[in-house]
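Have a look at the structure below, then the notes.
The values are calculated or read from the model by the stated rules, or taken from the named source; none is laboratory data. Because the structure is predicted, anything quoted here is derived from the model rather than measured. Glycine gets a Cβ as well: all are built from the backbone with ideal geometry, and neighbour counts include every protein chain shown. Surface accessibility is based on the protein's heavy atoms, side chains included, excluding ligands, DNA and RNA. Shrake-Rupley method; radii C 1.70, N 1.55, O 1.52, S 1.80 Å.
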Amino acid sequence: MAKRFIVIGNWKMNKTQEQALEFARSLPPLIAPNYLAVPFTCLQLLCDLDIPMLKIGAQNVHPHQEGAFTGEISPPMVKSTGAQFVLVGHSERRHFFHESNEFVNKKIKACLLEDLVPVLCLGESAMDREEGHVEDVLKKQLFESLFEVESQSFSKLMIAYEPIWAIGTGKPATAQAVQEVHFLLRKLIREKWGSSAAEAIFILYGGSVTADTMKNLIKQPDIDGVLVGGASLKVETYSQIIHSVGGHS
Ligand code: PGA
């Protein structure tokens, strides 16, 4: 059986509706499921295009269903656009908007209730790594963000390991270093939530991924996909990455 491997693009705060349309129209035909996390303003537009094999998702969500939270978007609202997944706890949200593991945990549960696939983002800083705290930091993020999430839910969520020092820096972690971390994350999941949860979960890597880095990442047994920021903004670079995993003809 071919190795399962998925690609999620993360546009961050980029692209007007017009630019999003242009991107969508230039995409090559996809032959395997691919994912694109887009700004809220592009969700409906891209979902309505109904591009085969392209799943559209949001980059954030508020944990409440509705209420007095000016400027926020709830899981039912995201769901109503046709979106299928949500990035949760991206390091930029943790850093710029002070999101805690506890808040991330509420968002994950809210997504699961709405049948939206949460993609939990976590990762250590350069200082954590230099000081030898990678395992402690990731364990805390993992356990607190997934507090009281049931084992059965692990087939309906994903994890993206994104070391902060590799995001947007052009300096990706080596495939070997990523494999070590993913192995650790899967082990921690197995110990706490059981083998089925550990096998079901998709663990992705994110941080300066390009078509060049894909070859080695794909070979690693515990890397199930990639979360791609900068390189997902241009159709050419995004398609090259998809092509490297056999995602388009
Ligand atoms: P990058 O971003 O690929 O530009 O490093 C990844 C991310 O933040 O998801």
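Quick notes on this one:
- Highest-MSF residue in the chain out of Glu99, Glu199, Glu191 [GNM, Cα springs under 10 Å]: Glu191
- Helical mean residue ellipticity (222 nm; -39500 (n - 2.57) per DSSP H run of 4+; nearest 500) of the chain: -12500 deg cm²/dmol
- For Val7, the residues whose modelled amide H falls within less than 5 Å of its own, excluding neighbours fewer than 5 places apart on the same chain, are Tyr35, Val226.
- Surrounding net charge for His182, when Lys and Arg each add one and Asp and Glu each subtract one, Cβ distance under 9 Å: -2
- Accessible carbon and sulfur surface of segment 1-131 relative to its total accessible area, %, 1.4 Å: 56 percent
- Segment 98-218: relative contact order in percent, alpha carbon pairs under 8 Å with at least 6 residues between: 29 percent
- GNM top mover of Glu66, Glu130, Glu236 - the chain, alpha-carbon springs below 10 Å: Glu130
- Relative contact order for the chain, counting Cα pairs under 8 Å that sit 6 or more residues apart, in percent: 22 percent
- For segment 48-101, the dipole from Cβ point charges (+1 on Lys and Arg, -1 on Asp and Glu) about the Cα centre works out to 160 debye, to the nearest 20.
- Longest stretch of the chain clear of exposed loop sites (chymotrypsin sites (Phe, Trp or Tyr not before Pro), DSSP loop, at most 11 other Cβ atoms within 10 Å, sites excluded): 98-249.
- Pairwise FRET efficiency - Ala126 versus Phe147, Cβ, R0 = 25 Å, nearest 0.05: 0.40
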